[in-house]
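Each remark here refers to the structure printed beneath this line.
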Amino acid sequence: MTTPVFESLMVTNRGEIARRIICTANGLGIRTIAVRSEVDEDLPFVREASEFVSLGPANPAESYLSIDKLLEAARAVRASAIHPGYGSLAENAGFARRVIESGIAWVGPSPESMELVADKINARNLMQAAGVPVASGSTEPVGDPAEAVKLANAIGYPVIVKPSGGGGGIGMVVAGSD
């Protein structure tokens, strides 16, 4: 067996996301640390980790989304790396930056990369400029409904209308006609 890249890995997510990361890290001989809220104490991801840290209340804003609590927990268990999973704080450049500044390794894209793709129009344009195939769409924000209809007719229906911010599909709708 090779020497693990990290001595320990704290997974700052829950459920199946955390289970998959914990399973992989355990298989690599890395000490895994789960974080849990008070309602998650009996879930498999907590049992499968080498150890766990309690974050407190079930409300995600007071547990899984509290950057201060997560960093405090990581310091308490001497985590050498943090993996955010996906969703939650995984796309939060501020969280990534604070983890890195605290001297803990960040397992994920750089804060700078996250900032580049946070705006979906900018992300689309960057990918297109890099030669990555992208679906037909606007390269600038669409200013009004008439402009949106004109663009949709040029692309062809159905189209997906998506806010340039947001994430996880929030605000996306499929339009089948004008």
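The values are calculated or read from the model by the stated rules, or taken from the named source; none is laboratory data. This one's a predicted model, so the numbers in the text were calculated from it and none came from an experiment. Every residue, glycine among them, receives a Cβ derived from its backbone with ideal geometry; neighbour counts consider all protein chains shown. Please note that ligands, DNA and RNA were not included when accessible areas were found on the heavy atoms of the full protein model with its side chains. Shrake-Rupley method; radii C 1.70, N 1.55, O 1.52, S 1.80 Å.
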Exercise. In whole Å, what is the distance between the alpha-carbon centres of segment 80-112 and segment 1-20?
Worked result: 14
Seminar exercise, completed: Of the residues 3, 84, 170, the Cα lying farthest along the dipole of the chain towards its positive end, which is defined by charges on the beta carbon of Lys, Arg, Asp and Glu, belongs to 3
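I'd like to compare 9-20, 74-85, 112-123, 43-54: which one has the highest average count of other Cβ atoms within 10 Å, and what's the full order after that? Before the final figure, lay out the partial values.
Details: 9-20: 21.8, 74-85: 20.1, 112-123: 14.6, 43-54: 17.6.
Per-residue Cβ counts within 10 Å, averaged per peptide and sorted highest first, yield 9-20, 74-85, 43-54, 112-123.
If I compute solvent accessible area with a 1.4 Å probe over the protein chains, what percent of it on segment 60-111 is carbon and sulfur?
Values: 1320 of 2540 Å².
Its accessible area is 52 percent carbon and sulfur atoms.
What size of dipole, in debye to the nearest 20, comes out for the chain about its Cα centre when the only charges are +1 on Lys and Arg C-beta atoms and -1 on Asp and Glu C-beta atoms? Don't jump to the answer; show the numbers that get you there.
On the way: 15 positive and 20 negative charges, 78 e Å.
The calculated dipole for the chain is roughly 380 debye.
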Problem set entry | Heavy-atom accessible area per residue - the chain, 1.4 Å, Å² | 58
Exercise. Mean residue ellipticity at 222 nm from the helices of the chain, using -39,500 (n - 2.57) per DSSP H segment of n ≥ 4 over the full residue count, to the nearest 500 deg cm²/dmol?
Worked result: -10500 deg cm²/dmol
Problem set entry | Percent of alpha-carbon pairs separated by more than 18 Å within segment 1-101 | 40
